[in-house]
Amino acid sequence: MPAIRYRHNYKAVVMSGTDEHRKGQMIPAYLKDGSLIYYPFGGFVRREVLTYEQYVKLTFIDAFSHSDDGVTWEDISSHKVLGVFMRGEYFVVLSDGKPIMVQ
């Protein structure tokens, strides 16, 4: 299961979809007016299974790892990550096992 490293108040928090103690940690997304809104992190979802969900731009995500042990990290701090808002949580959208970057 993949994992993300989220920057919060100068501290890096590692979250994966299987971490029950990290699941529900609040992460921000941009609204259309540029302000941020926080909702709990729900995990990861493949783009192929999405139909009519609300897409969001997740921010302050520093890195991505293909495994939840976080041995190797890919730096994605210069991008925003595509997410979806479902059931009151944000999910990171994956395509071919990697998060989708947006501007």
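The values are calculated or read from the model by the stated rules, or taken from the named source; none is laboratory data. For clarity, every value in this text was computed on a predicted model and none was experimentally measured. FYI the Cβ positions are ideal-geometry reconstructions off the backbone, even for glycines, and counts take in every protein chain you see. Surface accessibility is based on the protein's heavy atoms, side chains included, excluding ligands, DNA and RNA. Shrake-Rupley method; radii C 1.70, N 1.55, O 1.52, S 1.80 Å.
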request  = Give, in nm to one decimal, the length gained when the segment between Leu31 and Phe60 is fully stretched (0.36 nm per residue of separation minus the Cα-Cα distance).
outcome  = 9.0 nm
message = Given R₀ = 41 Å, what would the calculated FRET efficiency be for Arg46 paired with Asn9, taking r from the Cβ atoms and rounding to 0.05?
response = 0.85
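Tell me, what is the per residue accessible area of the chain in Å², probe radius 1.4 Å?
Values: 6050 Å² over 103 residues.
That works out to 59 Å² for each residue.
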query = Assigning unit charges at the beta carbon (Lys, Arg +1; Asp, Glu -1) and nothing else, what dipole magnitude in debye, to the nearest 20, does the chain show about its Cα centre?
reply = 260 debye
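Within 10 Å, count the other beta carbons around each residue, average over each peptide in 25-38, 3-16, and list them highest first.
Top of the packing list down: 3-16, 25-38.
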inquiry  = Within the stretch 41-103, what whole-number % of the accessible surface is contributed by carbon and sulfur, with the 1.4 Å probe and all protein chains included in the calculation?
reply    = 49 percent
remark   = Expected sort for 56-66, 86-96 on mean C-beta neighbours within 10 Å, highest first, is 56-66, 86-96
